[in-house]
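Novice: Can you keep this structure in mind? I'll have questions shortly.
Every number here is computed from the coordinates shown, using simple stated rules; none is lab data. Since this is a predicted model, take the numbers as computed values, not measurements. We place every Cβ from the backbone using ideal geometry, glycine too, and count neighbours over all the protein chains shown.
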Amino acid sequence: MDCNSVYVFYFFFFLMISNWNCIYFQLCGYICIACLGCPGKLIFDVVVRSEIGTYYALDLGGTNFRVLRIQLGGRRSSILSQDVERQPIPQHLMTSTSEDLFDFIASTLKQFVEKEESGSEPSPVRTRELGFTFSFPVKQSSLRSGILIKWTKGFAIEDMVGKEVVELLEAAMIRSGLDMRAALLVNDTVGTLALGRYHDADTVAAVIIGTGTNACYLERADAVIKCQGLLTTSGYMVVNMEWGNFWSSHLPRTSYDIDLDSESPNPNDQGFEKMISGMYLGDIVRRVILRISLESDIFGPVSSRLSIPFILQTPLVAAMHEDDSPELKEVAKILKENLGISEVSLKVRKLAVRICDVVTRRAARLAAAGIVGILKKIGRDGSGGTAGGRSKSDVKMRRTVVAIEGGLYTSYAMFRQYLHGALSEILGEDVAQHVVLQVTEDGSGIGGALLAASYSSIPQRG
């Protein structure tokens with residue numbers, strides 16, 4: 001295949017995955033409805049009250065974990081102080097035993113508590129309250145009960161699958177001599193939503209777009225069919241969508257997505273996440289460049305490094321995509337150092353940037369479609385929420401805040417720009433101007449501590 005033929009071939013590829021506007025419109029409704037149909041999703045009332053006292057959080061969601069301590073002053077949006085400590089998890093503990101992992105976590109947590117409380121007056125209440133943010137797939141039946149379904153993100157602790165994660169944590173805290181109780185178990189999206197609402201009552205949803213992706217939102221309790229008859233203090237419930245596992249025939253899936261999925265450790269799982277999140281975008285770009293190399297000589301001799309899965313990380317895609325130098329020097333450097341492709345012309349470097357652009361644009365537009373799906377479900381998309389049984393006569397656009405966290409969104413400017421553009425395109429400018437995407441730093445951890453305060457069984461006084 002000659003150079004011109006390749007450009008024509010990949011022009012149609014670009015067209016296919018970046019310009020299916022009708023598909024993004026259709027997906028808005030499908031995403032929310034399909035995710036609601038999934039069993040075992042966490043649904044509970046979220047009320048962040050004006051609590052007083054000191055509360056802790058443990059945020060375990062990857063190869064690092066965080067321990068946090070917040071001091072609440074008793075008035076709305078009054079976090080008097082907060083302390084955060086990040087701790088990497090040793091590689092061997094990620095494949096060891098549940099006891100080894102949680103003993104290490106409990107020991108770190110105990111040291112953090114002792115350091116933070118040194119020099120302060122003893123608390124009149126002995127047991128401390130902890131919010132446990134655990135961002136792995138669990139089957140959750142109550143606030144404090146969650147059974148691990150499977151590990152992701154490099155963990156492979158076999159004896160923990162099928163076990164109650166809160167029980168394992170509390171047993172480790174007892175062994176370490178730490179008097180602390182896990183008030184509740186949440187995932188990162190729910191924590192982010194809690195912190196968002198603590199600072200801004202207009203927050204109705206939370207989205208994580210980083211290494212992985214997920215979303216949750218506030219729904220009227222009477223609209224949640226599986227929990228009808230259950231009374232809540234606020235009249236609302238949190239629905240954890242686990243939208244990373246969403247799948248629909250309407251998704252603009254390509255052969256690159258199919259191959260990536262089939263060769264992944266979890267085939268036929270997390271399909272939506274594999275088209276959106278930071279863990280996978282770099283590998284999609286690698287696969288496109290590899291196919292071009294196999295079918296033409298545009299990138300020169302086929303580099304053996306192109307056959308190595310995940311050798312091209314998403315931050316490198318962002319660096320190439322956002323290279324504004326006249327000669328695209330950063331693109332040339334990454335192609336040479338990371339993919340073994342050297343001495344390519346400026347025209348070929350521009351092709352590499354174009355590939356990054358298309359893959360990123362598709363991901364951002366899919367994420368935007370998911371967000372609009374949520375807004376449509378709760379009547380914040382300008383339609384009146386007909387999907388939730390509301391009348392169009394009740395349509396009145398209100399300020400709507402979506403708390404958002406994750407490095408793909410916060411660190412990748414072009415991804416963020418495409419997502420915002422897609423929201424405006426799908427919703428229309430008149431509606432989009434009322435929707436605010438609010439970055440929430442450390443939301444998963446601090447939000448977990450706030451929820452621990454809200455659901456605490458121990459009254460505290462300042």
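Novice: Rounded to the nearest 0.05, what FRET efficiency is calculated for E337 and S411 with R0 set to 22 Å and r the Cβ-Cβ distance?
Specialist: Result of the calculation: an efficiency of 0.60.
Novice: So what is the diffusion coefficient of segment 240-330 in µm² per second by Stokes-Einstein at 25 °C and 0.890 mPa s, using a Kirkwood Rh over Cα pairs?
Specialist: In µm²/s, the coefficient rounds to 168.
Novice: How would segment 153-295 be classified by its alpha-carbon gyration tensor: rounded, prolate or oblate, with rounded meaning a/c under 1.5 and the a/b versus b/c comparison settling the rest?
Specialist: Oblate is the answer for segment 153-295, as a/c is 1.5 or above yet b/c matches or exceeds a/b.
Novice: What distance in nm separates the simple spin-label points at E117 and E167, each placed 7 Å from Cα in the Cβ direction?
Specialist: Each label point is offset 7 Å from its Cα along the Cβ direction, giving 2.6 nm.
Novice: Right, next: Give me the number: length gained by fully extending L294 to S145, i.e. 0.36 nm times residue separation minus the C-alpha to C-alpha distance, one decimal in nm.
Specialist: Value of the extension gain: 48.6 nm.
Novice: Given R₀ = 56 Å, what would the calculated FRET efficiency be for E425 paired with Q91, taking r from the Cβ atoms and rounding to 0.05?
Specialist: In this case the efficiency is close to 0.80.
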